[in-house]
Amino acid sequence: MATRGIMLTLLLALACLSSPTRAEIFTSIGQMTDLIFTERELVQSLKEYIRAEETKLEAVKSWANKLDLLTRASTSDPEGFLAHPVNAYKLMKRLNTEWSELESLVLQDPSDGFLSNMSVHRQYFPDEEDEKGAAKALMRLQDTYKLDSESFSKGKLPGVRYSALLTVDDCFDMGKLAYNENDYYHAVLWMQQALKQMDTGEDAKTLKADILDYLSYSVYQMGDLSRAIELTRRLVAIDPGHQRAGGNMRYFERLLSKELRDVTQESADERPIQLDTYERPKDYLPEREIYEALCRGEGVKMTSKRSSRLFCRYQTGNRNPRLLLKPMKEEDEWDSPRIVRYLEALSDQEIEKIKELAKPKLERATVRDPKTGILTVAHYRVSKSAWLDGDDDPVVERVNRRIQDITGLTVDTAELLQVANYGVGGQYEPHYDFSRKDEPDAFKSLGTGNRVATYLHYMSDVEAGGATVFPDFGAAIWPRKGTAVFWYNLFKSGEGDYRTRHAACPVLVGSKWVSNKWIHERGQEFRRPCGLTEAD
């Protein structure tokens, strides 16, 4: 807009010089001297225009150089680059927010080539919800793995291969998003980090007054009035005319006048606001603490006595001809309920083929609404999935047959092979694979009964996070590329084994690929005979 304004000034000035009413200017030196000053103003306007164009061009050059280096690194190893959750978040932010800012800059003097490219590619850009989702993923990782904001800001994450930093403006945007969601806990953590980085001298577009404004009110919402007052005072000190700061201070004074008098006599609380400064609000998940502890590798109940009952063996699938020459390597992961892991369950070539088939079909993973039975997306399941039929490719058919050989269960009534890829902070909070008594119609349309067993392939290693955990009995199963784990969801009586409630922990660093085969009851009558008691 500034460039257009300068050009408008130039055009108006030139219009004045060429106006018929000014045609006799040459007849008067006095009048001509006016033209000297007009020309000087035109030159100044011209210089401002040139500076504006140069500034814009330098800004665009800076963008191009920065993104050229970034895209060279990212395109050389896309999955590895996006394995760092900060890189994934900043990609969402760049394409949703910053590229639009660049578009506005270029629009000041339209560039047809750039705009046409923007028009072509804009339909593929992430939107605001994507940026929000990536930001919330960082906060979810922060909570699950007990990482402070600085760990993300400075890229101090385990197993990372690429450097990724968050600026003051990034931290401010994170905090503002949390604030707008009434999530004052995370607003405090990210506004504090933005303030900390700004106080070290880092340049930013964000004003310090804005950080203190959001931070002070968020701290108040967390119940820390004394710190809220101190932060508000700092805000008033740098911006005495700040309207909201004055109103907040007066509100605090009216709200707790006695406590305010006590605070004025105390020294200011300068302790940094860390993860454990305030209590994290409780949410809907009753086993939240147990679940997240297991994700961190804490609280795993694998005692030495239990471990002594675990063995490894060669498995021939009850002398299945296809496994006699090359038996499957089987390891016990847990004794009760029994969970086993199969080594070399998928080759690298099979994994790549399955991923190749799945990628064009990937869509946001859904869950079944227990009330309606309808599949819908949910915030507690963050991944994309695709379904592959044996007819899609011989590799899929071969994998299905292998699952049947190993488990001894027919896959004729099983669901299609589901392939899932977890993005930034990707997770699936504690859930059951089988349908409970309060949702009898969950698999009614399939006509194959309940999910009797789960067979889960790990198709990638995960640098950090991403475990499969069982909060009920304290197990954590870590991804190992090419292996598979198997467990029964139902007792032989057909009753659900509620101990098998499990979760896919958020992926901290890495790209997690899995494929699931849910095996159903029908067709297993002679392969897994019914038990006589409920717990059989």
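Structure notes:
- Entry remark, region 368-406: residues being assigned to a strand (DSSP E or B) and at pLDDT below 85 number 6 in total.
- Here Ile229 qualifies as at pLDDT 80 or above, under 24 Å from His186 (Cβ atoms) and of a type in the set (Val, Ile, Thr).
- Filter result for Lys176 (modelled with pLDDT of 90 or more and out of contact with any Phe, Trp or Tyr (no Cβ under 7 Å at 6 or more places or on another chain)): no
- Contact annotation: residue pairs with Cβ atoms under 9 Å, 6 or more positions apart or on different chains, pairing a residue in region 65-80 that is surrounded by fewer than 11 Cβ atoms within 10 Å (Cβ to Cβ) with a partner that is modelled with pLDDT under 90 and part of a helix (DSSP H, G or I), are Thr75/Phe81.
Yes/no per residue for (1) surrounded by 24 or more Cβ atoms within 10 Å (Cβ to Cβ); (2) assigned to a helix (DSSP H, G or I):
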site	(1), (2)
Gly159	no, no
Leu166	yes, no
Tyr185	no, yes
Ser216	yes, yes
Tyr220	no, yes
Ala228	no, yes
Glu253	no, yes
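- Restricting region 461-493 to residues that are assigned to a loop (DSSP other than H, G, I, E, B), in contact with a Cys (Cβ under 8 Å, 6 or more places away or on another chain) and open to solvent by less than 30 Å² (accessible area, probe 1.4 Å), the residue that is farthest from Pro85 (Cα to Cα) is Ala467.
- Residue within region 374-391 that is over 30 Å from Pro78 (Cα atoms) and either within 25 Å of the chain's Cα centre (by Cα) or open to solvent by 10 Å² or more (accessible area, probe 1.4 Å) (or both) present: yes
- Annotation: of all residues in region 436-459 being touching a residue at least 60 places away in the same chain (Cβ under 8 Å) and of a type in the set (Ser, Thr, Tyr), the one that is farthest from Leu82 (Cα to Cα) is Thr448.
- Subset of region 408-462 [among the aliphatic types (A, V, I, L, M) and touching a Ser or Thr at 6+ places or on another chain (Cβ under 9 Å)]: Ala414, Leu417, Val419, Ala420, Ala442, Leu446, Ala453, Leu456, Met459, Val462
- Looking only at region 494-536, and only at residues there that are open to solvent by 30 Å² or more (accessible area, probe 1.4 Å) and outside any loop (DSSP other than H, G, I, E, B), the one that is nearest to Gly155 (Cα to Cα): Arg499
- Here Leu260 passes the criteria (1) modelled with pLDDT under 90; (2) not in a helix (DSSP H, G or I) except the one numbered (2).
- Looking across region 290-337 at every residue that is surrounded by 14 or more Cβ atoms within 10 Å (Cβ to Cβ) and of a type in the set (S, T, N, Q), the one that is farthest from Val462 (Cα to Cα) is identified as Asn320.
- Some residue of region 452-459 being of a type in the set (Phe, Trp, Tyr) and at pLDDT 95 or above: yes
- Given (1) of a type outside the set (S, T, N, Q); (2) open to solvent by less than 90 Å² (accessible area, probe 1.4 Å); (3) modelled with pLDDT under 95; (4) under 19 Å from the mean Cα position of the chain (by Cα), index of the condition Pro430 fails: (3)
- Residue in region 118-135 that is assigned to a helix (DSSP H, G or I), modelled with pLDDT of 90 or more, open to solvent by less than 50 Å² (accessible area, probe 1.4 Å) and of a type in the set (Gly, Ala, Ser) present: yes
The values are calculated or read from the model by the stated rules, or taken from the named source; none is laboratory data. Note that the coordinates shown come from a computational prediction; the quantities given were computed from them, not determined experimentally. Cβ: placed from backbone, ideal geometry, glycine included. Neighbour counts: every protein chain shown. Note: accessible area is taken over every heavy atom of the protein model, side chains too, but ligands, DNA and RNA are not part of it. Shrake-Rupley method; radii C 1.70, N 1.55, O 1.52, S 1.80 Å.
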